[in-house]
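For reference, the structure discussed in these notes is given below.
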Amino acid sequence: EDEDGFEVGLTCGGRIAVAVYLLDRELVPQVADAVRADRPVAVTVRLDDDRFGEQELHTFDGASNGSGLSEAARSLLEIGESGIVETPEGEKVFVESYASRPNMYIFGASDHVAALVPVAKMLGYRVTVCDPRRVFLTRERFRDADVLSDEWPDRFLADAPIDARTAICMMTHDAKFDVPALRVAFASS
């Protein structure tokens with residue numbers, strides 16, 4: 001009922017499905033290893049009655065201890081989302097996605113960037129600070145950054161992995177850095 005849904009937080013009037021299954025304990029160490037190594041994996045749980053609760057581990061390239069991921073399931077993993085999809089055989093499966101951390105590329109080595117880096121890390125990003133001015137780009141200023149790069153921003157972006165989850169922050173406020181890098185960034189979409 002609408003009132004019952006509102007009481008539990010479903011203010012949109014939507015529906016919720018609950019599936020209770022026994023966790024395959026053999027998968028836990030494999031998932032934990034992948035998360036620690038920042039390798040994307042997914043666990044699929046079959047939801048159809050005849051095979052309910054069966055679980056498989058899938059790596060991002062589709063290799064698994066069973067069948068590969070469907071395109072819909074692969075899309076969920078790529079964007080770091082979990083959800084219910086239908087396999088090519090017509091079965092419903094829940095895809096629990098453990099995506100790698102998204103990248104945030106921050107260009108410039110100002111005090112504003114120094115303040116942004118720990119916030120980006122707290123939000124789960126793999127943070128790269130890029131500025132060709134080496135005098136400002138020091139580990140002491142950017143302790144929490146995963147990577148410090150002294151490349152020019154456009155050259156860095158030309159070789160950097162960019163996907164739908166990548167954040168690009170232009171903080172140099174200098175046209176000779178910003179404009180070429182923005183051209184590369186926009187061409188990547």
Added length on full extension, which subtracts the Cα-Cα distance from 0.36 nm per residue, residue 51 to residue 18
10.2 nm
Just going by the charge dipole of region 42-189, with Lys and Arg at +1 and Asp and Glu at -1 on Cβ, which of 171, 94, 45 is farthest out on the positive end?
171
Peptide ranges 178-187, 27-36 listed from the most packed, as the mean C-beta count within 10 angstrom indicates:
178-187, 27-36
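If you take the beta carbon distance between residue 144 and residue 27 as r and set R0 to 30 Å, what does 1/(1 + (r/R0)^6) give as a FRET efficiency, to the nearest 0.05?
After rounding, the FRET efficiency stands at 0.45.
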Sticking with the crude label model, points 7 Å out along Cα→Cβ, report the distance from residue 59 to residue 75 in nm, one decimal please.
2.5 nm
Quick one: helix 175-187 against the long Cα principal axis of the chain, what's the angle to the nearest 10°, folded into 0 to 90?
30 degrees
Which label in [x] 40, 20, 16; [y] 33, 19, 13; [z] 25, 20, 20 gives the computed semi-axes √(5λ) of the Cα gyration tensor in Å
[x]
Based on the mean of other beta carbon atoms within 10 Å per residue, what is the order of 131-138, 113-120, most packed first?
113-120, 131-138
How many percent of DSSP beta bridges within the chain run antiparallel, rounded to 5?
55 percent
Solvent-accessible area per residue, Å², over region 37-189 with all protein chains present [probe radius 1.4 Å]
54 Å²
So the carbon and sulfur contribution to the accessible area of region 37-161, 1.4 Å probe, in percent, is 52 percent
Would you mind telling me the antiparallel percentage of the DSSP bridges in region 75-148, rounded to 5?
35 percent
Can you give the charge dipole size of region 102-150 about its Cα centre, rounded to the nearest 20 debye, using +1 on the beta carbon of Lys and Arg and -1 on the beta carbon of Asp and Glu?
60 debye
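The values are calculated or read from the model by the stated rules, or taken from the named source; none is laboratory data. This one's a predicted model, so the numbers in the text were calculated from it and none came from an experiment. With ideal geometry, Cβ positions are generated from the backbone for all residues, glycine too; neighbour counts draw on all protein chains shown. Side chains are part of the model used for accessible areas, which takes the heavy atoms of the whole protein and leaves out ligands, DNA and RNA. Shrake-Rupley method; radii C 1.70, N 1.55, O 1.52, S 1.80 Å.
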